[in-house]
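The values are calculated or read from the model by the stated rules, or taken from the named source; none is laboratory data. Note that this is a predicted model, so its numbers are computed, not measured. Here the Cβ positions follow ideal geometry from the backbone for every residue, glycine too, while neighbour counts run over all protein chains shown. Areas reflect the complete protein model, heavy atoms only, side chains present, ligands, DNA and RNA absent. Shrake-Rupley method; radii C 1.70, N 1.55, O 1.52, S 1.80 Å.
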Amino acid sequence: MGPPPVRRIVVEREPTVVAPPPSNGRPAPLPDAPMGAKVTERMRIENVSLAYGDRWVVRDVTLPVREGEVLALIGASGSGKTTLLRSLNRLTEVTAGATRAGRVTLDGQEISDLEVTALRRRISMVFQQPNPFPMSVFENVAYALREERRGGRDEEHRGGWRGRRRAGRKELEPAVVEALQRAGLYEEVKADLNHPALRLSGGQQQRLCIARALAANPEVLLLDEPCSALDPISTATIEQLISRLRESVAIVIVTHNLQQAFRVADHVAFMHLGELVEYGSSDQVFDNPRQQRTREYISGAFG
Amino acid sequence: MIHTPMGPAAPSPRPLPSPTASPSRPARQSTGHGQDSISSWPLMDRVGYLLCWAAGLLLCALAAGIVLVMFVKGISYLRPGLLLEHPSASQSQSGSGGFLDPIEGTLLLTAIGIALAAPIGVAVAVWLSEYRRPAALAQAVESGIEMIAGAPSVVLAFFGLLIFARPSLAFLSQTSAGGAVYGRSFFAAGAMMSLLALPLVVSATREGLAQIPAHMREASYALGKTRATTIRRVLLPSIRPSIASGTTLGMGRIIGDTAIVVILLGASLHLEGAGGTPGLSTLRGTGSTLTSYVFENSPAGEGNAPEKAYAAAFVLLMMVLALNMVVTRLSSGKPRWLAGLTGPMLWRWMPWRD
Amino acid sequence: MLRHSRWQRLNLSAERRAELALGAVSVAVLAFVVAMLVTVFVKAWPSFAHNGYIKWFFPGGDVDQQIKAIVNSPPDPAHYVYHLRAWPLLWDTALTTGIAVVLGLVLSVLSAIFIVEFAPQSMKRILEPVVRLLAAVPSVIFGLIGILLVVPWINQHLISQGRKLSVSYVVQLNGAGLLVASLILMVMIVPIMVAITVNALSAVPNSWTEGSAALGVNRWRTMWRVSVRTARPAIIAGAVLATARALGEAIMLALVGGSRSFPVNLLDGRTALFEPVRPLAATIITYKDNLSVVPLSQTLYAMAAVVLVSTAALSLAAWSVKQPLKRYGIRT
Ligand SMILES: Nc1ncnc2c1ncn2[C@@H]1O[C@H](COP(=O)(O)OP(=O)(O)OP(=O)(O)O)[C@@H](O)[C@H]1O
Ligand SMILES: [Mg+2]
């Protein structure tokens, strides 16, 4: 099965809360306790189910997302990983007909109670396919830095109509450079920051998208198969990047590459047909899976 | 029937039927495109093939004929002076002056029309493509735009007359000594002209928006941007060429239209201002354009000066050709043939495409 | 219950404001169209009412004379003259449009097939600007060429003295008339039909045509049987749009139609081709200078209303054309 069809965005709705689908009776797996002192739980996914129309594609998932560690979502194609990930920054709401049941909290607050643009600045996302905007490299990153007209997280910018001003290049330059450096792209593009981003290679484009996502200093970073279009060298760069970032950002990564999940993740969640089958530390899941289905998947019996 | 692969160079083992043989059953050829030789087709098919060539050549001949005629006539009657002289009322062709005023009128009218049509058209297109709620209203607006696109300019001009002849809008047009409002002015004509360009701007913009993949919008939302910001900073900048080509096509429509000018602009010889304020008076006043100048100087009009008509028509055609080149430039690399001539609405009739 | 801070609420409303502003512009455009339909009809109503509504469309007498009577009607509103039987105008409209669309359909489908399938690469590259040019030439230039070059040529070479004499008791033949009018009209509407047809033909999935070619069907038949058939709704839509454009064409027809209204008499055989025509839209242009006469302006608005309704009806017709596609289970 290929990637799911991307539907036209029709409306941005308030999330519809509906009754969850009948659970299959199996108790939701209990999340492990935090490992170290510096690891703090930032987000919590509680009994979340997601549907497109009346088709439930994610059922009753409960997971913690912690700062200071990387959570990897693995599972066969179509098992609902992308859908779950997109629901974390309410991007499912731009898909017509998508509904969510259950709670997702960020620092204890239900995410649908937060203002959506502010939420998305705190929870950034990088997509499967690199998707830079048709602008220059610089503008791509600067775009993320520019404040929304009003509101947003940054209360200093609430000056009403008069307080609104497009930040100039000079002001933004340090932050842009920093974001590019964090994404490990700066050295390659510093000479041509003004070139169109679409002229970069695929790997460079993906790192640009990561830089863009990092620019606004998000607290949670969602990565949907960020390396699926990349060569081994770019992949290694991005994996290093992820291990560097884990100190400061809570990271959730979807990947089909089990080696990669093993390398970068502290905890692994295995999903199958919309259900969370197993959740545990990556050592435990890969060396000593508790569930038969996990064992089969990891040993390549399916998926 | 078994498909026998045959290299393009392989000699045909079959004897070629002669044209007069006219087989009753179509001779089936087991060859792919580009490999079957036309001489082996049934007569009917060959006739069709020839008709296709004839039709294509006819179109070329027509275009070449029009351009050639206008060039020959235009160059033989056009003096540079004509472009810079004001027209004057005279029976003889040599005495009736040049067409400076019509050229100015054309430029002014086009500017007014586009200044109105471009922002409105883009706004409507964005609303239709990006928001469209309530859906029923969006559909009504869509059909409204389609109606404007289909409405003949004579009718638009008549409607404009009704609007601008209202006493409450007297400040936009000329008023007679007795206080009657004529409803004729550059402003009135420009407003109606903008309706000619509006559907073109709308459809070009919508077409551009439709080509931006959904993930581009999502990438922007994922950065915490609102829909409005996404439209302003990502979508509109990236469809600038589409908007430009819609606008240019719209300019072409405005420059080429005659009915609105002769009815709503008054087709007076000179730009005749109305009222005191200099700039405003021209907008409120009447005038003429190249199209109305050609019309009035043709045998059907009052001036009847064919040489002047040819010369002005030549200038008009040059303007249109220049705009045409701009459009071709802008739409090169578009997936569609003659993108812009056929609006996105027309895709409704080719739904098997996606 | 949603909890927003004050500024977050404002942010939402800023977003909402953008939507409302764009929606308002769109609704204004819609309101404008509705207003146009209504006011044109209101203004036109006396003309229909005084002629017994449906009789307005009937034959009966010389339209030019009737209009002259309307122009000369007494200034007292109680004595306005409205008598009009508009059939000759309607008939001429139908004839010119019909001929132009039928001929245009043939020409455009053939040339579209040529462009999509048979034309060598170089021809293909020439034909795009050619069609664009034909679409862009202003109608007044078509009219000018028509009246200054084509009409005199037809008058000299195609109309014999005998033919002129044969109808001289009803109408003078000078070359301007049905033939020139509908041919030039055809040239004017062909580009849009070609453009639509070319796009439709080239949008037919390759697998369909390849499927046909794999059966050993030659290129012409594949084109004709598979592509043209698939593209039929688009071709018809193009023809409908072209019809709307032809109905509304005024300037060119006012120039080359011959300067009098005359219901072309098909019984005259080939002579009918040379008889003058004056469709509705051209009539409106012809009498534009007498708009200050109230009953005449109402009469002209009635003609405009008929044109407007026909073009709107064509849009609806085009809408219904796409319905058959539903049976392929195609989402539109
Ligand atoms: N926009 C949508 N509308 C309707 N159904 C969708 C949509 N997006 C995804 N789906 C369906 O939801 C299910 C889960 O899709 P999802 O993209 O979450 O899977 P995934 O685990 O990310 O797969 P992959 O590994 O291939 O990316 C699939 O069955 C898919 O068909
Ligand atoms: Mg996925």
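Numbers below:
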{"read-out": "Filter result for the condition that a residue is on the phi > 0 side of the Ramachandran plot, surrounded by fewer than 21 Cβ atoms within 10 Å (Cβ to Cβ) and more than 8 Å from every other protein chain (Cβ to nearest Cβ), over C:G258, C:G269", "value": "C:G269"}
{"read-out": "Count of residues meeting criterion [of a type outside the set (S, T, N, Q) and within 16 Å of ligand 1 (Cβ to nearest atom)] in the range A:220-249", "value": "8"}
{"read-out": "Restricting the range C:314-327 to residues that are under 19 Å from B:V155 (Cα atoms) and surrounded by 14 or more Cβ atoms within 10 Å (Cβ to Cβ), the residue that is modelled with the highest pLDDT", "value": "C:L314"}
{"read-out": "Residue count for the range A:57-96, restricted to those that are out of contact with any strand residue (DSSP E or B) (no Cβ under 6 Å at 6 or more places or on another chain), away from ligand 1 (no atom under 12 Å from the Cβ) and without any contact (Cβ under 8 Å) to a residue 60 or more places away in the chain", "value": "0"}
{"read-out": "Condition broken by A:V94, with the remaining ones in (1) open to solvent by less than 10 Å² (accessible area, probe 1.4 Å); (2) within 13 Å of ligand 2 (Cβ to nearest atom) satisfied", "value": "(2)"}
{"read-out": "Residue match in the range C:229-241 (condition: among the basic types (K, R), free of Cβ contacts under 8 Å to residues at least 40 places away in the same chain and out of contact with any Asp or Glu (no Cβ under 6 Å at 6 or more places or on another chain))", "value": "yes"}
{"read-out": "Scan of the range A:229-265 for residues that are of a type in the set (S, T, Y) and more than 16 Å from ligand 2 (Cβ to nearest atom), ordered by number", "value": "A:S234, A:T235, A:T237, A:S243, A:S248"}
{"read-out": "Subset of the range C:191-207 [loosely packed, with under 15 Cβ neighbours inside 10 Å and either more than 9 Å from chain B (Cβ to nearest Cβ) or basic (K, R) (or both)]", "value": "C:N206, C:S207"}
{"read-out": "Residues that are farther than 11 Å from B:Y310 by Cβ and either touching a residue at least 60 places away in the same chain (Cβ under 8 Å) or of a type in the set (K, R) (or both), drawn from the range B:67-81", "value": "B:V67, B:R79"}
{"read-out": "Residue list for the range B:113-136, restricted to those being under 18 Å from B:S153 (Cβ atoms) and surrounded by 22 or more Cβ atoms within 10 Å (Cβ to Cβ)", "value": "B:G113, B:A117, B:G121"}
{"read-out": "Yes/no for C:L107 being of a type in the set (A, V, I, L, M) and either open to solvent by less than 10 Å² (accessible area, probe 1.4 Å) or within 27 Å of the chain's Cα centre (by Cα) (or both)", "value": "yes"}
{"read-out": "Residue in the range A:97-120 that is within 16 Å of ligand 1 (Cβ to nearest atom) and either within 13 Å of chain B (Cβ to nearest Cβ) or polar (S, T, N, Q) (or both) present", "value": "yes"}
{"read-out": "Any chance A:L200 is modelled with pLDDT of 90 or more and open to solvent by less than 90 Å² (accessible area, probe 1.4 Å)", "value": "no"}
{"read-out": "Count of the range A:121-135 residues which are within 16 Å of ligand 2 (Cβ to nearest atom) and not in a loop (DSSP other than H, G, I, E, B)", "value": "2"}
{"read-out": "Count - residues of the range C:143-175 that are in a loop (DSSP other than H, G, I, E, B) and charged (D, E, K, R)", "value": "0"}
{"read-out": "Qualifying residue in the range A:209-219 (condition: closer than 16 Å to A:E69 by Cβ, in contact with a Cys (Cβ under 8 Å, 6 or more places away or on another chain) and surrounded by 15 or more Cβ atoms within 10 Å (Cβ to Cβ))", "value": "no"}
{"read-out": "Boolean, A:V249 is at pLDDT 90 or above and surrounded by 18 or more Cβ atoms within 10 Å (Cβ to Cβ)", "value": "no"}
{"read-out": "Every pair of residues 6+ apart whose Cβ atoms lie under 8 Å, when the first sits in the range C:183-209 and is under 20 Å from C:L103 (Cβ atoms) while the second is of a type in the set (K, R) and in a helix (DSSP H, G or I)", "value": "C:M188/C:R245; C:I189/C:R245; C:P191/C:R132; C:I192/C:R245"}
{"read-out": "Among (1) away from every other protein chain (no Cβ under 14 Å); (2) within 15 Å of ligand 1 (Cβ to nearest atom) - the single one A:R44 does not satisfy", "value": "(2)"}
{"read-out": "Condition check for B:F171: modelled with pLDDT under 85, out of contact with any strand residue (DSSP E or B) (no Cβ under 6 Å at 6 or more places or on another chain), within 13 Å of chain C (Cβ to nearest Cβ) and at negative phi", "value": "no"}
{"read-out": "Residue, nearest to A:I253 (Cα to Cα), within the range A:58-82, restricted to residues that are open to solvent by 20 Å² or more (accessible area, probe 1.4 Å) and of a type outside the set (G, A, S)", "value": "A:T82"}
{"read-out": "Selection status of A:D54, modelled with pLDDT of 75 or more, acidic (D, E) and either within 14 Å of ligand 2 (Cβ to nearest atom) or in contact with a strand residue (DSSP E or B) (Cβ under 8 Å, 6 or more places away or on another chain) (or both)", "value": "no"}
